[in-house]
Number of protein chains: 2
Amino acid sequence: MSRTDTSRRGSRQSRAGIRDVAAAAGVSITTVSDALNGKGRLPDATRRHVREVADRLGYRPSAAARTLRTGKSGLIGLTVTTYGDEPFTFTEFAYFAEMARAATSAALARGYALVILPATSRHDVWQNVALDGTVVIDPSDHDPVVTELVRQGLPVVSDGRPAGTLPVTAWVDNDHEAAVLGLLDHLAAAGARRIGLLTGNTTDTYTRLSTTAYLSWCERVGQDPVYETYPAHDPCAGAVAADRLLARPDRPDAVYGLFDPNGTDLLAAARRYGLRVPDDLLLVCCSESTVYAATEPPITTLSLKPRRIGTAVVQLLIDAIEGIDENRPVEQVIPTELIVRTSSQRRRSPRTKVSPPRSPAQD
Amino acid sequence: MSRTDTSRRGSRQSRAGIRDVAAAAGVSITTVSDALNGKGRLPDATRRHVREVADRLGYRPSAAARTLRTGKSGLIGLTVTTYGDEPFTFTEFAYFAEMARAATSAALARGYALVILPATSRHDVWQNVALDGTVVIDPSDHDPVVTELVRQGLPVVSDGRPAGTLPVTAWVDNDHEAAVLGLLDHLAAAGARRIGLLTGNTTDTYTRLSTTAYLSWCERVGQDPVYETYPAHDPCAGAVAADRLLARPDRPDAVYGLFDPNGTDLLAAARRYGLRVPDDLLLVCCSESTVYAATEPPITTLSLKPRRIGTAVVQLLIDAIEGIDENRPVEQVIPTELIVRTSSQRRRSPRTKVSPPRSPAQD
DNA sequence: CATCCATGCAGAAACGTACCTGTCAACGAG
DNA sequence: CTCGTTGACAGGTACGTTTCTGCATGGATG
């Protein structure tokens, strides 16, 4: 009952350690550890007793000590590419938020926590945190961070297939080519004769694959490509590029925008030129934002299913960390979803007085 | 040059530790530690030599051991409230993303990393990570997590002033009352006779303060309050509530929406009822999203300046962790910004053929 | 009765670092 | 010549766990 002051130090009030619990419960340190971690062979009575004493003392095991001993920290890095000195970019907000949210949930469910670590972090920060593995979003060609991590023997799972010979443990990605081809077919089926593209001038895999898919589709159907590129990480450049695209002499009658804000950008540009959507111009953009369900008209979007990706990435990583089933698939393709709304349907749907509220964008 | 195998274990190839470096450099462990950490009094020659050997061996100090020894982990928790089992909610995407982004940058600049930890996390996850302190976003009245953390002696800084007697170390917040009052005055100045409110039915501080500010403004100017409430964490309820508000017999001629998606919700509802914005209906909503610059018409938004908040929160927390200037302000109020666009200006601006692209939403 | 195994627990060795406490040489002052 | 001083390092302990090994005890088995 009374505080047995068998502590080795005169210092008062430092947090209770495992040996304080052992002393108070009248057992050995081993027994406390086993009782609390459900290991060893102890009678239930002892186990309960130890647990109760630990509770009473407010005992909290030291994460640092445990990590040092076991070599596992329960921490997963979430690495985001940076433009300038800011972590993750303007154009990827909704995608990143959804993906990170799902990843956090998935990690948590398996007892892990996520640490946000921009790729450009100072080296000393990287080294001051004990990671069990890392998720890398859209790694660049020869990402020094990934190389370094792999060299340290840490598993690395990337969102987006690695470019070149980047030695990731596993990756998850969409089939961007199939997505773009399907989407272009959808537009063509809706009556588009000349489909334009609004794309980025960066070299990341997503942009590259999507653009080449567009070009090959054009070649297949015998259409001249009509596209404008812009630096996607610049928040104002998109509107300018959208304007350029619709100002061209060979103005397209349908446009696919590769980045999230392109939908509103294109819609605004269309209005400036007096183009009605979808009558004069069909519109699709890649976005996870639900605002496109409530625009006038609602805009068809391509969803990359960031929640599925976030979940899959974390599962793969934790499997690798825990050495579960070594010969599990190291790459996983998540299907995209085309959410068809008014902007890509040639025939305008009859105007309803009160349309039903938009449905939640679960999963 | 040759691998001096003085390692105490027969085991091969385990990561180089500090004593491997010491052996290879022909000095003691102390010297290595001092040389690498810039402490002690060593001649520059020794320091350089040790550093070089450490580099050659690919030595990476163990974060866990360092944490155990020093008691500092360099990790800051970022706690988000949850609705259901998902971290952070639909309505706060843009705000949260901006805030987290700024917080990450600020922490990084001072050598800390952020760990995402939903408030409802399993207890064992909380305990498995060694935190130096925690940022809590919008803590509820008697948040058990905050209480627990404070009891452990960890500094806690909250985004949003703590309700009741929550014992946070410091907090950062906007002056929500002033913001709402100013915004309502702005609408009144633009000619609004009856201003409605679209608000939440939750009890968090933001919603409560904003709503009471609205009510007291109404009382002051002698207007009957016209408002609808809905569960803000439900992604479809907003559209329904917006519709309800505009369907009322005492239909307002101006509306302020408290949550991010309310702008598009209200705009869509207005269209259904044939109301022109801003001619028949003035519109303002609280949002960090840039889509409202490109809607038709562009919508006036109230920005809570999440980036400033994120930065301030982290600075305050790290100051507390490092014990800098104990008597520093423990509360900080960040001014809001009303970004005035067409939707809240009575007179429609002349239609331009090509409007300039929207400006970036820096800071 | 001797042997064997399962049970219930204790002792002690790591884990890798930081830092406190020496030790030893050189050196200038008295 | 002696003595404090200072520079340059080495030794050793503590941080708080987990876990391997080992030691009793007691009942079942031959």
Could you identify the single residue in A:Gly58, A:Gly38, A:Gly26 that is under 41 Å from the mean Cα position of the chain (by Cα) and either open to solvent by 40 Å² or more (accessible area, probe 1.4 Å) or more than 14 Å from chain B (Cβ to nearest Cβ) (or both)?
-> A:Gly38
Single unsatisfied condition, A:Glu86 versus (1) at pLDDT below 85; (2) open to solvent by 50 Å² or more (accessible area, probe 1.4 Å) | (2)
Unique residue being surrounded by fewer than 21 Cβ atoms within 10 Å (Cβ to Cβ) and at pLDDT 90 or above when the list is B:Ile318, B:Ile324, B:Ile334 = B:Ile334
A:Glu219 vs. criteria among the charged types (D, E, K, R) and within 14 Å of chain B (Cβ to nearest Cβ) | no
Hey, among A:Thr207, A:Thr211, A:Thr203, A:Thr229, which residue is open to solvent by 30 Å² or more (accessible area, probe 1.4 Å) and free of Cβ contacts under 8 Å to residues at least 60 places away in the same chain?
-> A:Thr229
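Results for (1) open to solvent by 20 Å² or more (accessible area, probe 1.4 Å); (2) at the interface with another protein chain (Cβ under 9 Å from one of its Cβ atoms); (3) of a type in the set (A, V, I, L, M, F, W, C); (4) outside any loop (DSSP other than H, G, I, E, B), shown as yes or no for each residue.
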| site | (1), (2), (3), (4) |
| --- | --- |
| A:Leu245 | no, no, yes, yes |
| A:Arg251 | yes, no, no, no |
| A:Thr264 | no, yes, no, yes |
| A:Asp279 | yes, no, no, no |
| A:Thr295 | no, yes, no, no |
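If you scan segment A:121-138, which residues turn out to be open to solvent by less than 60 Å² (accessible area, probe 1.4 Å), part of a loop (DSSP other than H, G, I, E, B) and either in contact with a Phe, Trp or Tyr (Cβ under 9 Å, 6 or more places away or on another chain) or basic (Lys, Arg) (or both)?
First, the residues of segment A:121-138 that are open to solvent by less than 60 Å² (accessible area, probe 1.4 Å): A:121, A:125-138.
Pick out the ones that are also part of a loop (DSSP other than H, G, I, E, B) and you get A:121, A:128-132, A:138.
Correct list: A:Asn128, A:Asp132, A:Asp138.
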Counting only residues that are at the interface with chain A (Cβ under 7 Å from one of its Cβ atoms) and in contact (Cβ under 8 Å) with a residue 24 or more places away in the chain, which one in segment B:63-82 is farthest from DNA strand C (Cβ to nearest atom)?
-> B:Leu75
Considering segment B:107-116 alone, what residues qualify as being more than 7 Å from chain A (Cβ to nearest Cβ) and open to solvent by less than 10 Å² (accessible area, probe 1.4 Å)?
-> B:Ala107
Going through segment A:266-277 one residue at a time, which ones are part of a helix (DSSP H, G or I) and hydrophobic (A, V, I, L, M, F, W, C)?
-> A:Leu266, A:Leu267, A:Ala268, A:Ala269, A:Ala270
Scan segment A:152-175 and give yes if some residue there is in a helix (DSSP H, G or I), modelled with pLDDT of 85 or more, open to solvent by 10 Å² or more (accessible area, probe 1.4 Å) and more than 10 Å from chain B (Cβ to nearest Cβ), otherwise no.
-> no
Residues in segment A:59-75 that are outside any helix (DSSP H, G or I) and either of a type in the set (Gly, Ala, Ser) or within 11 Å of DNA strand D (Cβ to nearest atom) (or both): how many?
-> 8
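The values are calculated or read from the model by the stated rules, or taken from the named source; none is laboratory data. Note that the structure is predicted; figures quoted are calculated from it, not measured. Virtual Cβ from ideal backbone geometry, glycine too; neighbours counted across all protein chains shown. These area figures cover heavy atoms from the full protein model, side chains too; ligands, DNA and RNA do not enter into them. Shrake-Rupley method; radii C 1.70, N 1.55, O 1.52, S 1.80 Å.
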